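The values are calculated or read from the model by the stated rules, or taken from the named source; none is laboratory data. The structure presented is a predicted model; accordingly, all values stated were derived computationally and were not measured. In this analysis, Cβ positions are derived from the backbone assuming ideal geometry, glycine residues included, and neighbour counts consider all displayed protein chains.
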Amino acid sequence: MTVASSRQETSELWHGSCCMQRGGIAMLYYALVFLIIAMLAGFLGFGGVEFAAAEIARILFFLFLVLFIVGMVAHLARRGV
């Protein structure tokens, strides 16, 4: 194994994990944004907007949570092999 191929493999591994982290962080970010919109709409008395934003935030949060758990299980399974 040469130094160049080792660097390329390391770069590919880092890039893949970096993209996964950005996607997960973006999803969590939007869940928090919709939660804040829901709280603000509730405070101002916009019930329909509050309900819709709260539902979107809830769905995104649980989707993020499921993807996180699946990712952790896949990582542990791959690591064990």
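Evaluation of Tyr29 against the conditions (1) closer than 27 Å to His75 by Cα; (2) at pLDDT below 85 shows that the sole unmet condition is (2). Out of Ile56, Ile37, Ile69, one residue alone is at pLDDT 75 or above, part of a helix (DSSP H, G or I) and surrounded by fewer than 12 Cβ atoms within 10 Å (Cβ to Cβ). It is Ile69.
In the set (1) at pLDDT below 85; (2) more than 12 Å from the chain's Cα centre (by Cα); (3) small (Gly, Ala, Ser); (4) exposed (fewer than 13 other Cβ atoms within 10 Å of the Cβ), Ala74 fails one condition alone, (1). Of the residues that make up the range 41-48, is at least one surrounded by 13 or more Cβ atoms within 10 Å (Cβ to Cβ) and either at pLDDT 85 or above or part of a helix (DSSP H, G or I) (or both)? Yes, the conditions are met somewhere in the range 41-48.
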